[in-house]
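Notes follow the structure.
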Amino acid sequence: MGLIDISEAGYTYSDGCSALKNINLSIEKGERVAILGPNGAGKSTLFQLFNGLLQATSGSVTVQGLSVCKEHLPEIRSKIGMVFQDPDDQLFNSTVRQEIAYGLMNMRISGKALDEAIAWALRVVDMQEYSAKSPHNLSGGEKKRVALASVLAMRPEVLVLDEPTAALDPRGVSNLISLLNSINRDQGITLIFATHDVDIVPLLADKVYLLSKGEIVLGGSTAEVFKDKEVIRKIDLRLPRVAHLAELLARDGILNMDALPLTIGQAKNLFQTR
Ligand SMILES: Nc1ncnc2c1ncn2[C@@H]1O[C@H](COP(=O)(O)OP(=O)(O)O)[C@@H](O)[C@H]1O
Ligand SMILES: [Mg+2]
């Protein structure tokens with residue numbers, strides 16, 4: 001039994017749009033998993049099956065063996081923290097502190113424990129100075145950090161992030177990647193994120209599932225999945241930039257390699273060993 005098991009699951013919207021078909025996947029505790037697919041592939045729909053915002057119209061979805069249905073939702077939602085793509089869908093309180101307190105108070109946490117949990121979450125995302133500010137007056141990247149803090153404060157076992165780097169500037173992306181990796185490493189939180197940004201995937205995922213037109217077309221370790229260049233290109237994605245450069249150098253006989261580097265770090269090692 002995995003942490004999240006999805007078996008032959010499908011989802012059809014009420015207008016007849018068949019957004020997910022025959023999805024099979026199993027996510028283990030502590031893994032870092034990317035759901036990689038172009039716009040409209042079904043990533044956001046899939047994520048809503050994890051915590052019961054949507055119910056699969058066929059097949060089964062379980063979290064630690066509990067089927068995702070009404071009676072299990074409180075328990076499942078306490079395990080799975082969901083960070084939406086657009087922080088404006090998540091933030092609705094008048095201060096950053098209240099935003100983070102909200103979920104904790106629903107869990108009946110109060111007094112010193114509440115203060116400590118808020119302080120901890122703000123420290124993790126480096127937003128201690130912002131606690132009295134209105135979330136609506138923050139920049140896009142700051143809003144994302146507050147949304148993440150409000151979810152982290154509840155100490156979920158799994159962090160699900162829909163397009164976490166969308167609308168962030170380059171520094172924001174690199175800070176978020178470091179932050180998510182340290183959360184996974186230091187607290188053992190399982191990371192599941194959806195993206196079409198191929199360059200971030202090798203920096204943030206051990207496992208990748210390629211989603212196209214509602215179906216998983218390929219799944220495996222990050223290295224395995226990026227070996228299948230044809231499938232990646234066929235579903236309107238591309239290789240990471242550095243892999244594409246290496247591919248051209250190999251094609252022109254300038255550099256031989258067994259496997260394409262996927263990150264700048266891997267490319268640097270490859271050049272240094274020449
Ligand atoms: N509320 C909805 N009603 C009908 N169709 C929807 C709805 N939400 C999404 N879809 C359709 O489902 C498919 C998958 O959408 P989505 O899960 O948002 O993809 P992604 O997150 O990968 O961009 C798309 O074809 C989209 O048009
Ligand atoms: Mg989406």
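So which residues in region 66-106 are under 17 Å from the mean Cα position of the chain (by Cα) and of a type in the set (Gly, Ala, Ser), if there are any at all?
Selection gives Gly81 alone.
Can you work out which of the residues in region 3-25 that are surrounded by fewer than 16 Cβ atoms within 10 Å (Cβ to Cβ) and of a type in the set (Gly, Ala, Ser) is nearest to ligand 2 (Cβ to nearest atom)?
Ser18
This table checks each residue for (1) charged (D, E, K, R); (2) within 12 Å of the chain's Cα centre (by Cα); (3) in a helix (DSSP H, G or I).
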{"site": "Gly172", "(1), (2), (3)": "no, no, yes"}
{"site": "Ile177", "(1), (2), (3)": "no, yes, yes"}
{"site": "Ser182", "(1), (2), (3)": "no, no, yes"}
{"site": "Asp186", "(1), (2), (3)": "yes, no, yes"}
{"site": "Ile192", "(1), (2), (3)": "no, yes, no"}
{"site": "Val198", "(1), (2), (3)": "no, no, no"}
{"site": "Pro202", "(1), (2), (3)": "no, no, yes"}
{"site": "Leu210", "(1), (2), (3)": "no, no, no"}
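Yes or no: Pro74 surrounded by 17 or more Cβ atoms within 10 Å (Cβ to Cβ), at pLDDT below 95, in the same structural domain as Tyr209 (by TED's automatic domain parsing) and more than 26 Å from Pro240 (Cβ to Cβ)?
no
Scan region 235-245 residue by residue and report those that are in contact (Cβ under 8 Å) with a residue 12 or more places away in the chain, of a type outside the set (A, V, I, L, M) and surrounded by fewer than 22 Cβ atoms within 10 Å (Cβ to Cβ).
Scanning region 235-245 gives Asp236, Arg238, Arg241.
If you check Ser60 against the conditions, is it assigned to a strand (DSSP E or B) and either more than 10 Å from ligand 1 (Cβ to nearest atom) or free of Cβ contacts under 8 Å to residues at least 24 places away in the same chain (or both)?
Answer is yes for this residue.
Residues that are surrounded by fewer than 18 Cβ atoms within 10 Å (Cβ to Cβ) and among the hydroxyl-bearing types (Ser, Thr, Tyr): does region 218-228 have at least one?
yes
Please indicate, with yes or no, whether at least one residue in region 208-220 is without any contact (Cβ under 8 Å) to a residue 60 or more places away in the chain and on the phi > 0 side of the Ramachandran plot.
Taking every residue of region 208-220 in turn, at least one turns out to be without any contact (Cβ under 8 Å) to a residue 60 or more places away in the chain and on the phi > 0 side of the Ramachandran plot.
Among residues belonging to region 78-96 that are among the charged types (D, E, K, R) and surrounded by fewer than 19 Cβ atoms within 10 Å (Cβ to Cβ), point out the one that is farthest from ligand 1 (Cβ to nearest atom).
Asp88
Please pick out the residue among Leu204, Leu191, Leu210 that is buried (at least 22 other Cβ atoms within 10 Å of the Cβ), in the same structural domain as Lys234 (by TED's automatic domain parsing) and within 16 Å of ligand 2 (Cβ to nearest atom).
The unique qualifying residue is Leu210.
To keep it simple, each residue is scored yes or no on (1) in a loop (DSSP other than H, G, I, E, B); (2) more than 13 Å from ligand 1 (Cβ to nearest atom); (3) touching a helix residue (DSSP H, G or I) at 6+ places or on another chain (Cβ under 6 Å); (4) at positive phi.
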{"position": "Ile35", "(1), (2), (3), (4)": "no, no, yes, no"}
{"position": "Asn39", "(1), (2), (3), (4)": "yes, no, no, no"}
{"position": "Leu46", "(1), (2), (3), (4)": "no, no, no, no"}
{"position": "Leu49", "(1), (2), (3), (4)": "no, no, no, no"}
{"position": "Glu75", "(1), (2), (3), (4)": "no, yes, no, no"}
{"position": "Tyr102", "(1), (2), (3), (4)": "no, yes, no, no"}
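Of all residues in region 26-62, count the ones that are surrounded by 19 or more Cβ atoms within 10 Å (Cβ to Cβ), under 30 Å from Lys229 (Cβ atoms) and not charged (D, E, K, R).
13
The values are calculated or read from the model by the stated rules, or taken from the named source; none is laboratory data. What you are looking at is a predicted structure, and each value in this text was computed from that prediction instead of being measured. Methodologically, a virtual Cβ is constructed for each residue, glycine included, from the backbone with ideal geometry; neighbour enumeration extends over all protein chains shown.
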